[in-house]
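Taking it in order: structure first as structure tokens, then the write-up.
The values are calculated or read from the model by the stated rules, or taken from the named source; none is laboratory data. Note that this is a predicted model, so its numbers are computed, not measured. Because the Cβ atoms are built from the backbone with ideal geometry, glycine has one as well, and the counts that use them run over all protein chains shown. Only protein heavy atoms, including side chains, enter the accessible area calculation; ligands, DNA and RNA are left aside. Shrake-Rupley method; radii C 1.70, N 1.55, O 1.52, S 1.80 Å.
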Amino acid sequence: MEFFYCVSKHQITDLLYLRIENKRMDSTKKIIIIGAGLTGLTLAYYLSKTKHSFKIIEARKRIGGRIYTKVTNNSAPIELGATWFAKQHTEALKLVKELNLGLFEQILGTTAIYEPISTSPAQIVQLPKNQEPSYRLKGGTHQLINQLASHINNDDLILNKEVSAIINENDKVAVKTKTCTHICDIVISTLPPHLLVNSITFDPKLDNHTYQIAQNTHTWMGESIKIGFSYKTPFWRENNLSGTIFSNVGPIPEMYDHSNQQDNLYALKGFLNGVYYKVSKEERCELALRQLEKYYGKQARYYVNYEEMVWKNKEYTSTEYGDLVLPHQKNGDAVFQNSYYNHKLWIAGTETSTDYSGYMEGAIRSAQRVMNSIKKRPQN
Ligand SMILES: Cc1cc2nc3c(=O)[nH]c(=O)nc-3n(C[C@H](O)[C@H](O)[C@H](O)COP(=O)(O)OP(=O)(O)OC[C@H]3O[C@@H](n4cnc5c(N)ncnc54)[C@H](O)[C@@H]3O)c2cc1C
């Protein structure tokens, strides 16, 4: 039996009516997930264990969304998106274990370079023993994404197709890309809500309250700039230093040792102040090097690779806000716990989670919430 129809616009209505009787007999659902980030892939992984059939439609040519590990030959993999897991991230840790992935502790060290004020030189400060270390995934955070994706048939993952419209039609939903209209029983968005209402049109429109909340929902890390330098040697470990930097002066406010778990490929990775999103990659690199040179001397300039990601410039993550929107604003709002179009449309994604929203934990919890709701969904 055909599960999803990719049809031209004028065919939709005919197909809908022709197939309605068949579908009523069918207890399994045809589900479309929009977005192949952590939420979308976790949902797909859970759905792969059920009788429901599903497809994921992803706008980018790659999977992972805000998880993006840059892998280069002979250099430490650089996390340009999510990196750290914490002990409280219980659902993420469970999933990591279930997928047979391993963690290793983030090196913080016992000392850090601390630059409190521009008029005084940087200092070396002692760090207290870290009671709650954070953890990185062995091989890079993309291992989580790849493992989840390995449970999904290639045919069920559609890359490089941007969803532009969701249309509620009788007891079906139509999900439109530029070239195709997919008809399904349930559609789940995993886009950051602010991006969702600014890039996808709804017919009929979402109610005004939901629309306004989504407009004012912060996209976690949407303004951040990640930078990473790989090096032949971990020179920052000389003189009992650790690679950890905290600076109020910047442009790098924080940076850490980012060597691989085998400790044979070396790197420093951190954030660059988000105000530098408009300058060129070369300028950002030079700004960062000047700061590192101040702390570590000329050797900081002899890097092997420079990697960066300016998330504010990434169309499938960020869009401009109309008003001032504060970090985590409206994350986990009650409107995201509802379903729409008579239980046919769900809004998932880390920003919709009531707990740990913004983090990988929130993404996984949002996938679990929607899965549980679909299981309880009244049958048509
Ligand atoms: C720099 C940075 C550092 C971070 N550090 C950490 C950390 O250390 N620990 C932590 O727990 N979390 C961290 N996070 C947060 C973590 O990355 C997110 O919580 C998580 O990856 C969100 O997953 P998601 O699937 O909900 O959203 P996303 O990853 O944003 O996925 C949404 C997907 O939808 C796709 N999409 C967008 N528009 C369309 C469209 N129109 N049609 C089809 N597809 C579309 C996107 O391409 C994307 O793949 C960090 C994030 C960033 C950016």
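Some notes on this structure:
- Accessible area of the chain belonging to carbon and sulfur atoms, whole % at 1.4 Å probe: 50
- Cα-based convex hull, the range 230-276, per residue volume (Å³, whole number): 80
- Summarising the strand pairing of the chain, around 70 percent of its internal DSSP beta bridges are antiparallel.
- Extension gain for Gln88-Lys205 works out to 38.3 nm (0.36 nm per residue, less the C-alpha to C-alpha distance).
- Tyr341 contributes about 30 Å² of solvent-accessible surface, heavy atoms of the protein only, 1.4 Å probe.
- Taken as Cα centroids, the range 140-159 and the range 333-364 sit 21 Å apart, rounded to the nearest whole angstrom.
- Sum of -39500 (n - 2.57) over DSSP H runs of 4+, divided by residues of the chain (222 nm, nearest 500): -7000 deg cm²/dmol
- Unit Cα scatterers, Debye sum, the chain: log10 I(q)/I(0) for q = 0.06, 0.14 Å⁻¹: -0.26, -1.17
- Of the trypsin sites (Lys or Arg not before Pro) found in the range 97-147, those that fall in a DSSP loop while having at most 10 other beta-carbon atoms within 10 Å are Lys129.
- For the range 222-257, the list of trypsin sites (Lys or Arg not before Pro) that fall in a loop by DSSP and count at most 14 other C-beta atoms within 10 angstrom reads Lys232.
- Exposure of Met221 as accessible area (Å², to 10), given a probe of 1.4 Å and all protein chains: 70
- Subset of Lys70/Lys161; Lys51/Lys314; Lys161/Lys344; Lys55/Lys94 violating a 30 Å alpha-carbon distance limit: Lys51/Lys314
- Straight-line reach from Lys129: taking Cα to Cα under 17 Å and skipping same-chain neighbours fewer than 8 places apart, the lysines in range are Lys87.
- The range 222-324: GluC sites (Glu not before Pro) falling in loop per DSSP and having at most 13 other Cβ within 10 Å: Glu315, Glu320
- Solvent-accessible surface of the chain, averaged per residue with a 1.4 angstrom probe and all protein chains in place: 47 square angstrom.
- A quarter of the convex hull surface defined by the alpha-carbon atoms of the range 189-288 gives 9.7 nm² as the mean projection.
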